[in-house]
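Notes follow once the structure below has been shown.
The values are calculated or read from the model by the stated rules, or taken from the named source; none is laboratory data. Remember, predicted model here, so these are calculated numbers, not experimental data. Glycine gets a Cβ as well: all are built from the backbone with ideal geometry, and neighbour counts include every protein chain shown.
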Amino acid sequence: MTATSRRALVTGGSGGIGSAICKRLARDGHHVYVHANRSVAAAEAIATEIKSGGGSAQAVSFDVTDAAATRHALETILKDGAIQILVNNAGIHDDAVFPGMRPQQWHRVIDTTVDGFFNVTQPLMMPMIRTRWGRIVSMSSVTASIGNRGQVNYAAAKGALNAATRSLALEVASRGITVNAVAPGIIATDMTDGVFDADAIERLVPMKRAGLPVEVANLVAYLVCEEAAYVTSQIIGINGGMI
């Protein structure tokens with residue numbers, strides 16, 4: 001893949017998948033903004049690790065569900081130039097069977113994924129459009145396609161993200177900007193630790209193993225590279241054959 005240096009923002013960059021994406025994008029020569037909300041120290045540690053290895057990165061902190069705070073933080077970042085690579089990776093799950101789901105659980109998950117997508121992506125669009133080049137990748141989930149008990153809120157959020165991805169891709173396709181989503185299955189991170197045991201993985205995943213964060217990062221790295229210019233409006237699964 002060709003290596004043209006761009007400015008990249010990875011929301012939720014302090015988590016397992018997010019940190020792998022940050023490190024891979026930095027390795028490819030991009031300047032990476034490692035985002036976190038509460039885990040600021042983790043984001044700073046990742047940025048420091050990247051810089052120690054010769055890459056370029058800095059930590060940024062804001063709550064993607066807070067539109068005003070997000071816009072203020074992004075305006076500061078944009079003073080140094082457009083963000084041309086955006087990875088919408090911030091997300092949470094708050095599981096409960098639907099009859100017992102509290103309104104707070106529903107809104108918390110929807111707000112982070114769906115409102116977070118708008119709050120982060122929309123302010124970056126016009127600066128990106130003016131450069132006539134951009135890559136937007138949002139982190140979806142296999143759950144949006146096949147469902148999962150106890151995750152009606154999470155499936156709804158990721159399904160909405162898929163729909164937004166396809167529609168936005170159509171709007172900006174003529175501007176040199178691609179918009180795609182990556183839909184992981186079971187990936188070995190702190191978020192899934194203890195949720196899926198070996199027997200469950202054996203039963204659910206044809207490849208009989210959990211995926212690795214670096215494998216997700218490798219897919220994202222392809223989608224944001226020069227060679228992926230004709231790939232847009234796609235929801236790409238990375239799930240070991242679950243569907």
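Working only within the stretch 186-216, note down all residues that are touching a residue at least 60 places away in the same chain (Cβ under 8 Å) and either under 16 Å from Leu86 (Cα atoms) or of a type outside the set (A, V, I, L, M) (or both).
Within the stretch 186-216, Thr189, Asp190, Pro213, Val216 qualify.
Within the stretch 146-175, which residues are under 17 Å from the mean Cα position of the chain (by Cα) and either within 21 Å of Gln105 (Cα to Cα) or not in a helix (DSSP H, G or I) (or both)?
Residues satisfying the conditions are Tyr154, Ala155, Ala156, Ala157, Lys158, Gly159, Ala160, Leu161, Asn162.
Taking the stretch 222-243 as the search range and keeping residues that are touching a residue at least 60 places away in the same chain (Cβ under 8 Å) and of a type in the set (A, V, I, L, M), which one is surrounded by the most Cβ atoms within 10 Å (Cβ to Cβ)?
By that ranking, first place goes to Val224.
Confirm whether Arg135 is surrounded by 15 or more Cβ atoms within 10 Å (Cβ to Cβ), in contact with a strand residue (DSSP E or B) (Cβ under 7 Å, 6 or more places away or on another chain), basic (Lys, Arg) and touching a residue at least 24 places away in the same chain (Cβ under 8 Å).
Criteria met by Arg135.
What about Leu219, is it among the aliphatic types (A, V, I, L, M), within 23 Å of Thr11 (Cβ to Cβ) and either assigned to a loop (DSSP other than H, G, I, E, B) or without any contact (Cβ under 8 Å) to a residue 40 or more places away in the chain (or both)?
Numbers: among the aliphatic types (A, V, I, L, M): yes; within 23 Å of Thr11 (Cβ to Cβ): yes; either assigned to a loop (DSSP other than H, G, I, E, B) or without any contact (Cβ under 8 Å) to a residue 40 or more places away in the chain (or both): yes.
Yes: the conditions hold for Leu219.
Within the stretch 22-70, can you find the residues that are part of a helix (DSSP H, G or I), closer than 23 Å to Asp111 by Cα and touching a residue at least 40 places away in the same chain (Cβ under 8 Å)?
Within the stretch 22-70, Ala67, Thr70 qualify.
Hey, can you tell me all the residues within the stretch 1-13 that are part of a loop (DSSP other than H, G, I, E, B), modelled with pLDDT of 95 or more and of a type outside the set (Lys, Arg)?
Thr11, Gly12, Gly13
Which members of the stretch 165-187 meet the condition of being in contact with a helix residue (DSSP H, G or I) (Cβ under 7 Å, 6 or more places away or on another chain), surrounded by fewer than 19 Cβ atoms within 10 Å (Cβ to Cβ) and among the hydrophobic types (A, V, I, L, M, F, W, C)?
Val172, the sole residue that qualifies.
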